[in-house]
Amino acid sequence: MRASHVAPGPAGRVRARPDHRAQALPSPFERSPSGTIAAFGGSFRTLLTIAESKHHRATRTRYACPVIKIRPRTVVAALALCALSLCGLPGPDAEARPPGPAGTPGHAFDTLDALDAVVTDVPQAKLGLSWHPGCPVPASGLRLVQLNHWGFDGQVHRGELVVRDRAVAPLLQVFGQALQARFPIRQMRVMAEFNGNDEAAMAADNTSAFNCRQVTGDPSEVSQHSYGDAVDINTLENPYVDVNEKVYPPAGAAFLDRSRQEKGMIHRGDAISTAMRAIGWSWGGRWSPPDYQHFSANGRSA
């Protein structure tokens, strides 16, 4: 979707309609009667509607930020995303497209290659067996993040993550920088699509976040993924070794040789590890035994 206006729809909903006109921004503050959703439109023509509080009227504010739609209680993430515009992230489009030849104007990201992140509550179908009563985080504390990522085929693809609400802003910063650097991600699917089975997701080389489960290979511990503030990235190229020295996924054993420079591998100082370090998340690749795919807010696996 190109740059958009957001207007109140039926029953207090907000609908987006396209607008391709280049126009000057109006006054930054306008009053609005509703603030159910905050939405960013790209190409530095944006609209953010925020419910200030139950005691105040909502404000309608325009910002120069990449495209993102986000609910009021995650507006902190929206404000953090404004920083991404300073990184040069362009306007939105989720269609896959090949890069231009190196050294040509088309080689740089343009408006077709935006992160185009959309953040919402998590529908039950997107939780599936990855969440159940008794999990340390209620379903209401989780968010579904839909975003673009660079693929192994050199094109932009759409992905989904379920994360803790407080992890939205920092992870959008990370994946925005990853997209800008064209760090390839094989696929990004919610764990509901794997029925919460971590081994199946790793075998599929899937990138995911929330999954309420025990630590794979150590069922005595609750995984940090159960809290929604841990992410596994490119699980085949970045294998996990458990406390019994078992490698997950088995095909990932070939990538334990970290001197290899293969597509999708995470190395110290690359786009992913650098962006994660900048938000204060720690990498399991520095552990013994290592978990090369894992990053977490508290620096632990459990």
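The values are calculated or read from the model by the stated rules, or taken from the named source; none is laboratory data. In this text, all values refer to a predicted model and were calculated from it rather than measured experimentally. With ideal geometry, Cβ positions are generated from the backbone for all residues, glycine too; neighbour counts draw on all protein chains shown. For accessibility, only protein heavy atoms count, side chains too; no ligands or nucleic acids. Shrake-Rupley method; radii C 1.70, N 1.55, O 1.52, S 1.80 Å.
Here are the numbers for the structure shown:
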read-out: Within segment 228-246, considering residues that are aliphatic (A, V, I, L, M) and touching a Pro at 6+ places or on another chain (Cβ under 9 Å), the one least open to solvent (accessible area, probe 1.4 Å); value: Val241
read-out: Any hit, segment 153-168, residues being part of a helix (DSSP H, G or I) and open to solvent by less than 50 Å² (accessible area, probe 1.4 Å); value: yes
read-out: Extreme residue, surrounded by the most Cβ atoms within 10 Å (Cβ to Cβ), among residues of segment 263-293 that are part of a loop (DSSP other than H, G, I, E, B) and of a type in the set (Gly, Ala, Ser); value: Gly264
read-out: Residues being touching an Asp or Glu at 6+ places or on another chain (Cβ under 8 Å) and at pLDDT below 95 - total across segment 290-302; value: 3
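Quick grid of which residues meet (1) outside any loop (DSSP other than H, G, I, E, B); (2) open to solvent by 30 Å² or more (accessible area, probe 1.4 Å):
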position	(1), (2)
Ala200	yes, yes
Arg258	no, yes
Phe295	yes, no
Arg300	no, yes
